[in-house]
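Shown next, in structure tokens, is the structure this report addresses.
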Amino acid sequence: MKYPDQLLKLIEVLKQLPGVGHKSAERFAFHMIQWSPQKLSEMAKIIQQTPEKLSHCKECGSLISDQCLFCNPKRLQAGSLCIVASPRDVFAIESTHEYRGLYHVLGNLLSPMEGIGPQQLNIDLLKKRLTKHEINEVIVAIDSTLEGDATALFLKKELEALNITVSRLAFGLPLGSSLDYVDGGTLARALMARAKY
Ligand SMILES: [Zn+2]
């Protein structure tokens, strides 16, 4: 039996979300078609407004609505900068309440397989920020994966020349794990026990 076209379209759209298979997408779609037209258009409106109302801070790369929550004079005083792979990682680190310095979102990790080389990491912007803000400690909070390790090593080599202490989260983080899946307590311990590498 074939579903009506619009229902099929809705299912296909929902299937694009991570972790949502065909069965779940069907369940969501059948649930959503019971919503009022008003509720559906409110949801559509929020999705539609997302690109214009949510952007990346030009300085640190974090997600912002208008002003960056992380680029401010108070955070500058800490003299430290935490390098993460994705904007989501910033919120993971924040949730530990153990860190009060600046952030720098790389956006990419080195991956020769996917054609991502050093140029895509925009190291020049990072170096500029480190010099401008008189940063004396850099914490590399990148997942311990093949790409993460390669990127961390690359960063270490690049930053060593700037006379900055570079440490990396290591303790308590399982190899190959993602910051997304590590609980706050483990992440907080990993932050406190950061080590030079
Ligand atoms: Zn910022």
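None of the figures in this text is laboratory data; all of them are computed from the coordinates on show. Not measured: the values here are computed from a predicted model. Don't worry about glycine lacking a Cβ; one is built from the backbone with ideal geometry, like all the others, and counts go over all protein chains shown.
Candidates in the stretch 64-85 are the residues that are crowded, with 18+ Cβ neighbours inside 10 Å and aliphatic (A, V, I, L, M); of these, the one that is farthest from the ligand (Cβ to nearest atom) is Ala85.
The single condition among (1) without any contact (Cβ under 8 Å) to a residue 24 or more places away in the chain; (2) more than 16 Å from the ligand (Cβ to nearest atom) that Leu7 does not satisfy is (1). Search the stretch 35-62 for residues being in a helix (DSSP H, G or I) and of a type in the set (Asp, Glu), and hand back the single one that is nearest to the ligand (Cβ to nearest atom). In this case the residue turns out to be Glu52. β-branched (Val, Ile, Thr), within 16 Å of the ligand (Cβ to nearest atom) and surrounded by fewer than 21 Cβ atoms within 10 Å (Cβ to Cβ): does that describe Ile116? Against the criterion (β-branched (Val, Ile, Thr), within 16 Å of the ligand (Cβ to nearest atom) and surrounded by fewer than 21 Cβ atoms within 10 Å (Cβ to Cβ)), Ile116 does not qualify.
Would a scan of the stretch 36-50 turn up a residue that is in contact (Cβ under 8 Å) with a residue 12 or more places away in the chain and surrounded by 11 or more Cβ atoms within 10 Å (Cβ to Cβ)?
Here is the first cut: in the stretch 36-50, the residues in contact (Cβ under 8 Å) with a residue 12 or more places away in the chain are none.
Taking every residue of the stretch 36-50 in turn, none turns out to be in contact (Cβ under 8 Å) with a residue 12 or more places away in the chain and surrounded by 11 or more Cβ atoms within 10 Å (Cβ to Cβ).
Looking at Ser36, Ser55, Ser65, Ser41, which is the one that is out of contact with any Lys or Arg (no Cβ under 7 Å at 6 or more places or on another chain) and within 30 Å of Tyr103 (Cβ to Cβ)? Checking each option against the conditions leaves just Ser55.
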